[in-house]
Each structure stands twice: as structure tokens, then as C-alpha cells.
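Chemist: Have a look at this one.
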Amino acid sequence: MRSLLCLVSYVLLFCFWRTQAEIFTSIGQMTDLLYTEKELVHSLREYIKAEESKLAEVKSWAKKLDDLTRMSTSDPEAYLAHPVNAYKLMKRLNTEWSHLESLVLQNPSDGFISNMTMHKQYFPDAEDEKGAAKALMRLQDTYQLDSEDFSKGRLPGMHSSALLNVDDCFDMGRTAYNEGDYYHAVLWVQQALKQLDAGEDAVVSKSSILDYLSYSVYQMGDLPRAVELTRRLVAIDPSHQRAGGNLRYFEKLLLKEQSEQQKEEQSSQPTSEEPIHLGTYVRPSDHLPERDAYEALCRGERDGMTEARRSRLFCRYQDGKKNPRLLLKPMMEEDEWDSPHIVRYLEALSDYEIEKIKEMAKPRLARATVRDPKTGVLTTAHYRVSKSAWLEEEDGPVIARVNQRIQDITGLTVDTAELLQVANYGVGGQYEPHFDFSRRPFDSNLKVDGNRLATFLNYKDEPDAFKRLGTGNRVATFLNYMSDVEAGGATVFPDFGAVIQPRKGTAVFWYNLFKSGEGDYRTRHAACPVLVGSKWVSNKWIHERGQEFLRPCGLTEVD
């Protein structure tokens, strides 16, 4: 029995060994397994490499943002006061953080993604990024800044480390291009090309830059340069999808426009490849008739103040016609302009009041609105770029105190005035030339300043702008400056050339209507774009109703 069991055991052991040997001694199968294993190891290495590369990129991003946020949050308002910093913040949150999210999503990290998802609802979107880019272009136009000045952080009165790289400049140009704004597209794409040729690293390719630039130049009517740029594009990328066809089309148009003599000159003298700067092309006109005068005032190039006029300006103490609240501490009043009369009040708001008003307004800030002249409804407009909030006396004792002070100083009732509007103008924030009052059908025979006819007769009447309020027209404007502004942000009057600079704690006041109730068309004014800084203002629009005995009618239409 024991022998049989041993024999069976030997047989089973032999069979087992034979089976394993047949498997592991099959060279063909084993070599296949080796190559499979090698492929698996290679895949593993690629996975590790990809993970390490991704982690290195994320670490680099985290380090860069650590440094950036440490600097930016030390003084947020000062940091965002620089328009380039504001634009790049919009770009980072709208574009670059999304790229990082996509990178991490390749191998999801639940904690990070849930955090991203929670915060992303508050991120700026593509429209916000576009708006920030257009704000830089608005500053560029108003203050006549070349694209290189922006890209190198050179702004009037300051030089900073807020720089725009090749990709930033290209994105600026592409934003303009997509809006059909080929003038700015040329300026910014040209700057991208210049920085790329200087050896700066970039994600965007030179062929893409030349593609956008050549077509934008063509749209600006510069065919010779469009041909030259397209030839350069074809030289570096012969297989480009559009370049060949564009080149043939441009050359055909150019030949059609040139005379035989011009053709000979063209063949002997190559097209200039000088960089395109501000002023190379004429900036297209737009909806604003006094654009040049308005922007010249913002730059400080045109000032209507003369020595004769200055001699008529005085300062005084204002007690509101013996108002009890102003007897012990009358307001210091300075003349800013003689006709129309514009005055500035010093110490109109205390630092405490300013901070309380800003504190109440910040949670409510929304895109500033204007009143639609046809419907009377508040709506947003492209020519007013700021955020605003409306505050009423129930919001706090400070608002009631400010309203009372305005009434005491001006001698006008604020019972029928609009709520206190608080506005914040950030990067490129502006309010283009406008009237505060609604225009009734205007008498063209009305005289202003003796023999000069009132201006701006071409502007549309809007007699029903304030009909819904039932308080008549805006008789006067009281404007509080709640911050100083490092550069830009002046209040200007293009008709007569007044420039009023923001000074924290002061306020300016003027009448929009003559005593007859006719609008004073000279009071058309604007808030210049903020170049550097953050501009805070609050204003009170005082209406006609209730002023009948406080500001009686004059003897003539223009008293």
C-alpha cells in the first residue's frame, strides 16, 4: 500500500513538474511576455513622467501664485490700482486657472476640484476678461500710450514690474480682432511680434501672430504692408491654410491700385518693415463728437483756465445763509470755475464717513446704470464703465448726516433728490461726456454768454427721462470725492475746458439748469478713465420739485 502511494506521489509530482516546465520553457511565449512586460514598464515610466511633469507644473504655478498673492494682498487696492494688474487678474481667473483645473482633472484630486468648483462660480468669465482688455485699450487711446509702454509697465508718473508678455499682448490683439477693432488689433499684435523677435519665450507661434497682424493691417487699408507680412508668413509656414490665398488676393488688389510707375518703385524699393506705433494709422472715429477735446482735457493738454478767469475765482466760508448747523463750523468753499459757476467744498466728508459709505456700498456694487431717455428705466451703457450702489437714509445715520449737510450747504431741499449714489471706477473706469439733466426741445435762438449759441443742439431730446420720478428735472449735481487718484480720473467739461481733479474729502457742486428751468448745455461733463488708482465718488442729484421758493426764477432764460 505504501509503495502504491509512493508511486502515485511520484507520478503526480512528475506531472506537475512537466506541466510547469512546458509553460516556462516555451521560448516563444516567454519572449512575447518579455516584450509585453517591457511595454508595460514603458507605459509605467510614461505615466510616472507625466505625473511628475504635471506635479512640477502645479508646483511652479503654486510658487508663482504664492509670491503674487503675498504681494497683491498686502495692499489689494494699491495692487489693483494698476490697470495691467487688474487685466492680468481677470485673465488668470478666466483662462489660466481653467487650464490648471483641466491639468488636475487628468487625474482628479477630489479636494482641489471640489474647492475649484465652489469658487469658480465667482470667477470672471470671458466677457469680464474682454472688458478688462478693452479697458486697457481705452486708457491707451485717452492717454496716448504706446503698446510698449503698457507691456513694459511704463505709465505716466510711474514704472512698475507689471509687465505684459508676448502671449498677453497677443491675447489683447486677438480680443480687439474678434470685436472687429483692427486698429487696436494691429497695435497689440505688432507688440507681440516685436517681443517675440526680441527673443522672449511664448506659447503662441510666430505664424499665428503674422496671420492676425497681416489681415488686421489689410483691414486698416495698408496693402503694401499686408503683402509684406503675408510673404513673411508664407516663408516660415508654406503650408499655412490661409496665407497663400491671402497673399494672392492682396497682391492682386495692390497691383490694381498702383500705376505703372508705382509698380516700378515698388519693385526697386521694398516695403518698410518699421514697427507699427501709435499714430501710424488714423484711429477710427466713433459716436462721440467731442472725443478729441475730451481726451485732450483728460491728458491735461487743453485747459480753458486763463489768467483773466483765474482772477475772478475766490474762496470763502459758506455758512448756508446763517444755517445753525454751519454757524460754528462753516464750510470752506473755493471757486473752480466762474461761468457756469462750479465750486468745491473742502472737508465735505470725513475719513470715517467715507469708510462707512464704502463699507455699506461694497456688498451692493453692480454695473453702473443710466436712465433710458425713452422709458425712464435704468439700464447699462457702454459709455459708463463703473460699479455703483444706491444708499438711503435707512441704511445708516451717516447717510442721513451727509444728506442733511448737502441740504445745508446748497440751500436746496433733498426731499425730492435721488438716493445717494456711490460709484467706484476701477481699471479704465470712465463716464463719457454726458448731461445730468434731461433735454427738452431746445430753442435755437437761446443765447449763452451773450452772443454764443448753446452747443450740442445735435443731441437727442429726452423730455421723459425723469417722468417716472415725478420730481422734475435734475436742477443741480453735488459730487463727493471719496479717494485720491494717482493718475487720471479727472472730471472735465469739454465745452469750456474745465479740469477738476479728485481730492479725497472734497465735493464739487454746480447747477445743471438755469433759473428758468432751461438746461445749461455747457455743463456737459465726463469722468476721465482712471489710469492708475481706484476712484470712489458719491453724488446727489437734486431735482426741481420743492425748490420753487429756494431758487426762484430769474428775469431771463439764462439767469
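Chemist: Would you kindly give the portion of the calculated P(r) for the stretch 282-353 that falls above 14 Å, as a percent of all Cα pairs? The partial results should precede the final answer.
Modeler: Details: 1881 of 2556 pairs.
Summing the P(r) tail past 14 Å for the stretch 282-353 gives 74 percent.
Chemist: Also, quick follow-up: Arrange the residues 174, 551, 70, 545 by how much accessible surface each exposes, largest first, with a 1.4 angstrom probe. The partial results should precede the final answer.
Modeler: Values: 174 90, 551 45, 70 150, 545 110 Å².
Largest accessible area first, the list is 70, 545, 174, 551.
Chemist: Show which aspartates and glutamates lie in cross-link reach of residue 63 when reach means a straight Cα distance below 13 angstrom and same-chain residues fewer than eight apart are skipped.
Modeler: none
Chemist: What does the highest-first list of 186-197, 236-247 look like by mean Cβ count within 10 Å?
Modeler: Packing order, densest peptide first, comes out as 186-197, 236-247.
Chemist: When ranked by the protection proxy of mean other Cβ atoms within 10 Å per residue, highest first, what sequence do the peptides 84-92, 287-295 form? Can you show the working numbers first?
Modeler: Values: 84-92: 20.9, 287-295: 16.2.
The most tightly packed comes first, giving 84-92, 287-295.
Chemist: Thinking of the stretch 206-257 as a set of Cα atoms, what percent of all their pairs are more than 18 Å apart?
Modeler: Values: 240 of 1326 pairs.
Result: 18 percent of Cα pairs exceed 18 Å.
Chemist: Then there's this: Would you mind checking 91/358; 321/540; 88/535; 362/467; 356/387; 321/467 for any pair whose Cα atoms are more than 25 angstrom apart? Walk me through the numbers before you get to the answer.
Modeler: Details: 91/358 27 Å; 321/540 21 Å; 88/535 20 Å; 362/467 30 Å; 356/387 17 Å; 321/467 32 Å.
Checking Cα-Cα distances, 91/358; 362/467; 321/467 exceed 25 Å.
The values are calculated or read from the model by the stated rules, or taken from the named source; none is laboratory data. Treat the numbers as computed from the prediction; the structure is a model and nothing was measured. Every residue, glycine among them, receives a Cβ derived from its backbone with ideal geometry; neighbour counts consider all protein chains shown. Heavy atoms of the whole protein, side chains included, go into the accessibility calculation; ligands, DNA and RNA do not. Shrake-Rupley method; radii C 1.70, N 1.55, O 1.52, S 1.80 Å.
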